[in-house]
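Peer 1: Below is one structure. I have some questions about it.
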Amino acid sequence: MDAVFCGIVILQVFTSVLSFQDGAPASACADMMPRHTGVRPQTNPAPYTIHQSNTTLQTGKPITVVIEGPDYTGVLLEARSGSDSKAIGTWQTPPNNTKFLACSGNKQGAITHANSNIKNNSTVYTWIPPAAAENIFFIATVAQQRTVFWVQVRSSTSSE
């Protein structure tokens, strides 16, 4: 009995350590906070900046987004409007090593990592703005590794 209990505890710990190598959970959509047990975000300024191809939006016209900085393994990327914490717009086909994450009721509302492979400055994300989009910004959580990550890295604001 003790061996079974010990095995279950070890399995639980092992599962929680590896649980988010394949992407952020939907529960992270609003606050952008990874659910890495016992780990806090970095408090120093992020070495990342989010660049978009255009700061003037046109409904349906794609905007490319790049996270510039050191290589990273984990990401949660959304577009938002004003002070709203809901993901808006639609992401197009995710780059290699990333995938869609359903946020704010939108199946393509966010992009997250699909594995712990390296992503870098050549990883380009493509986003389609919705109709009547105003004060749009991109926001990301970027992880260099499981224990080193920055939350709510923000781009400049775009408008129609």
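Peer 1: What 222 nm value per residue comes from the helices of the chain, counting each DSSP H run with n ≥ 4 as -39,500 (n - 2.57) and dividing by all residues, nearest 500 deg cm²/dmol?
Peer 2: My calculation for the chain gives -3500 deg cm²/dmol from helical runs alone.
Peer 1: Segment 19-43 to segment 59-111: how many Å between their Cα centroids?
Peer 2: Centre-to-centre (Cα) distance: 15 Å.
Peer 1: Select from segment 90-127 those trypsin sites (Lys or Arg not before Pro) which occupy a DSSP coil region and have at most 14 other Cβ atoms within 10 Å, ordered by residue number.
Peer 2: Qualifying residues, ordered by number: none.
Peer 1: Please give the length that would be gained between D71 and K107 if that part of the chain were fully extended, namely 0.36 nm times their separation in residues minus their C-alpha to C-alpha distance (nm, one decimal).
Peer 2: Between D71 and K107, full extension yields an extra 10.3 nm.
Peer 1: Give the cross-link partners of K86 among the lysines, using a straight C-alpha distance below 21 Å as the criterion and excluding same-chain residues fewer than 8 apart.
Peer 2: K61, K99, K107
Peer 1: Fully extended, how many nm does the chain gain between T59 and A30 (0.36 nm per residue separation, minus their Cα-Cα distance)?
Peer 2: Additional length available on full extension: 8.0 nm.
Peer 1: Relative to the longest principal axis of the C-alpha atoms of the chain, give the angle of the C-alpha long axis of helix 2-18, reported between 0 and 90° and rounded to the nearest 10°.
Peer 2: Once rounded, one gets 20 degrees.
Peer 1: How are the C-alpha pair distances of segment 2-154 spread across 5 Å bins, as whole percents from the shortest bin up?
Peer 2: That works out to 2, 9, 19, 22, 19, 12, 7, 4, 3, 2, 1, 0, 0, in percent per bin.
Peer 1: What full-extension length gain, to one decimal in nm, is calculated for S122 and R146 as 0.36 nm per residue of separation minus the Cα-Cα distance?
Peer 2: The span from S122 to R146 would gain 6.5 nm if fully extended.
Rule-based calculations on the coordinates, nothing more; no lab input. Computed from a prediction, not measured in an experiment: that's the story for all the values here. Reconstructed Cβ throughout: ideal geometry from the backbone, glycine too, with neighbour counts over all protein chains shown.
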